[in-house]
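For reference, the structure discussed in these notes is given below.
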Amino acid sequence: MSHFSPTAAVNYFFNYFLMKGVLVTIGLTVAAVVGGLILGMGIALLRMSSNPILSGASRLYIWFFRGTPLLIQLVVIYSGLPQLGIKFSVITCALVGLILNEAAYLAEIVRSGFMAVSAGQREAAWALSLSPWVTFRRVTLPQAFRLMIPPLGNSVNSLLKATSLASVISVEELMRRSDMLMQEHFQILEVYAAATAYYLILTSVWDAIQRRLEKHFGRSSAAKTRRVAARAPVAQASVEARA
Amino acid sequence: MSEIATNAGGVEGAVTQTRLREVPAVRMEAVYKHYGDFTALNEVDLKVAKGEKIVVCGPSGSGKSTLIRCINHIEKHDEGLIYVNGVELDHQRKNIDAVRRDTGMVFQSFNLFPHMTVLENCTLAPMTANGMSEAEAKDLAMHFLTKVRIPDQAEKYPGQLSGGQQQRVAIARALCMRPKIMLFDEPTSALDPEMVKEVLETMKKLAEEGMTMLCVTHEMGFAREVADRIVFMNEGKVVEQAAPEEFFKNPKSERARTFLDQIIH
């Protein structure tokens, strides 16, 4: 076994067992993003609250989950909590860990998105008698979301790869199944080449999705950029000040 | 006009005197606003009759923007009383809502919603806050967009319009809520010089139709032509109030004199 066999690598790539691991990886990522966004939005709202207890609790949460390794969080949930009588299935453990962790990162992204929406937008909404809900849903959220997409994309990319840590608590996602194949056949490079290819494909697909999202939500501001380029510098400054 | 000039010993003209017997559009009594140690409004008293056009001017930092932003509670005043069409702005939700429904506001930086088309900017509030149907709201929006002379831009995004056009959209958007009082916070300060006129023309038209207006501006030509009264502020105080002729010819305070010297070249 002193050489690399491309054929074996290709075979691993089309291995049904490994492919099912890929599906688990995708499932974990999607569920963690959706769950993390919902929880993260709530944490961000608390963080922006004027109530010091709520914002303090939210800050504590973010501090804790961003300040400790995901690996420890997963292991504690999987092996530590049963000691206190709290026991989940393997996949639930992974999801809980990934969502709790991701929410902390997304909360900060959500918060920065909202903070970047100019105060003038809220003032205009007040002046027009819009209710707080309409202001949030129709005015601030869409603008904040557009600003959130690039950092959000980055975070999803990290998360996609971080799901591999769930292999440690025996979730049979792409990494874990690669390990299993490797232990069975000892074709280390071949197996991991296939797994690497899958991760690259997944991150590339996500890149493409992110670009489409940016294009979709940036359509009005793209028009703005074109317009500004053709206009006088004074007006440009004022337009940018609002953007 | 001569009537106002001869009456200029008093603050308001004869026409305004009779108006003041009605419930005033705006009444401020001993209003204070602080930002930390800075006093933005220092015992401000102001009465605006229905239909009156007021231009507020003064050096930067004199509190003129704060003054009009307190009238629709975008800034919360700390002390004193503010009544808008008889409703006391006492920080209670329902009174704030009532006052905001009566007032429209136009901002220096337009504050249009950049992710919505011009038409959507104009229909959002009538539909969500007034429960108007989409068709009704569109008709209303087109009515006011026609009035500010940009109905053909309805489907564009604000970023595709010039500054002057954006500000006219902002005026139309405010009018769609059928306000009784319009507040303008330096509406032409962010515009290229060649676009100032189109916005001022729109405001003049509004004034001719009898809208009650409070306008913070440095456009003294506009003030001379449209204002019933000029309110001059300095360091958070209303220093002087007078009809435009009187104010420009004969400013009583030293501060107003130096201010006018500096802005009228």
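With springs only between Cα atoms under 10 Å apart, run a GNM on chain B and tell me which of B:Pro126, B:Pro114, B:Pro244 wobbles the most.
B:Pro114
So how long is each side of the protein assembly as shown along the principal axes, counting just the alpha-carbon atoms, biggest first, in Å?
The principal-axis extents, from largest down, are 108, 50, 45 Å.
Put one equal scatterer on each alpha carbon of segment A:6-242, apply the Debye formula with no solvent term, and list log10 I(q)/I(0) at q = 0.09, 0.12, 0.13, 0.18 1/Å to two decimals.
Rounded to two decimals, the profile gives -0.52, -0.81, -0.90, -1.31.
Relative contact order for chain B: what is it in percent, counting Cα pairs under 8 Å that are at least 6 residues apart?
Once normalised by length, the contact order is 26 percent.
Just tell me how shielded A:127-137 is by partners: mean number of partner chain Cβ atoms within 10 Å of each residue's Cβ, no decimals.
6
Under the rule a/c < 1.5 gives rounded, and otherwise a/b versus b/c splits prolate from oblate, where does chain B land using the Cα gyration tensor?
prolate
Just from its helices, what would the mean residue ellipticity at 222 nm be for the protein assembly as shown, if runs of 4 or more DSSP H residues each count -39500 (n - 2.57) and the sum is divided by every residue, rounded to the nearest 500 deg cm²/dmol?
Counting only the DSSP helices, I get -18000 deg cm²/dmol.
How high is the relative contact order of segment A:6-242, in percent, with contacts defined as C-alpha pairs under 8 Å that are six or more residues apart?
Relative contact order, segment A:6-242: 29 percent.
Can you give the FRET efficiency to the nearest 0.05 for A:Asn157 and B:Glu79, using r as the Cβ-Cβ distance and R₀ = 56 Å?
0.55
Averaged across B:155-166, how many Cβ atoms of other chains sit within 10 Å of each residue's Cβ atom?
What the average comes to for B:155-166 is 4.
Using DSSP to define loop residues, name the chymotrypsin sites (Phe, Trp or Tyr not before Pro) in segment A:118-164 whose beta-carbon has at most 11 other beta-carbon atoms within 10 Å.
Filter output for segment A:118-164: empty list.
What's the exposure ranking of B:Ile263, A:Ile86, going from fewest to most Cβ atoms within 10 Å?
Ordered by Cβ neighbours within 10 Å, fewest first: A:Ile86, B:Ile263.
DSSP loop trypsin sites (Lys or Arg not before Pro) in segment B:226-265 with at most 16 other Cβ atoms within 10 Å of their Cβ, which ones?
B:Lys252
Take chain B, connect every pair of alpha-carbon atoms lying under 10 Å apart with a spring to form a Gaussian network, then pick out the residue of B:Ala40, B:Ala30, B:Ala129 with the largest mean-square fluctuation.
Ranking B:Ala40, B:Ala30, B:Ala129 by mean-square fluctuation puts B:Ala129 first.
Of B:Glu209, B:Glu43, B:Glu79, how do they rank once you tally other Cβ atoms within 10 Å and put the fewest first?
Ordered from fewest to most neighbouring Cβ atoms within 10 Å, B:Glu209, B:Glu43, B:Glu79 come out as B:Glu209, B:Glu79, B:Glu43.
Along the Cα-to-C-beta direction of A:Ala8, a point sits 7 Å from the Cα; which residues of segment A:182-201 have their amide N less than 13 Å from that point?
Answer for segment A:182-201: A:182-194.
Hey, can you rank A:191-204, B:171-184 by average C-beta count inside 10 Å, highest first?
Ranking the peptides A:191-204, B:171-184 by packing returns B:171-184, A:191-204.
Where is the GNM fluctuation largest for chain A (alpha-carbon springs, 10 angstrom cutoff): A:Ile149, A:Ile43, A:Ile209?
Answer for the Gaussian network model of chain A: A:Ile209.
Report the far tail of the P(r) of segment B:88-211, meaning the percent of Cα-Cα pairs longer than 26 Å.
Looking at segment B:88-211, the distances longer than 26 Å represent 17 percent of pairs.
How much length is gained on full extension from A:Ser55 to A:Leu71, taking 0.36 nm per residue of separation minus their Cα-Cα distance? If you can, show how the numbers build up before the last one.
Numbers: separation 16, 0.36 × 16 = 5.76 nm, distance 2.67 nm.
Going from the current span to full extension adds 3.1 nm.
Here, each number is a calculation from the coordinates, and none is a lab measurement. Everything numeric in this text was worked out from a predicted model, so none of it was measured. Positions of Cβ are backbone-derived with ideal geometry, glycine not excepted, and every protein chain shown enters the neighbour counts.
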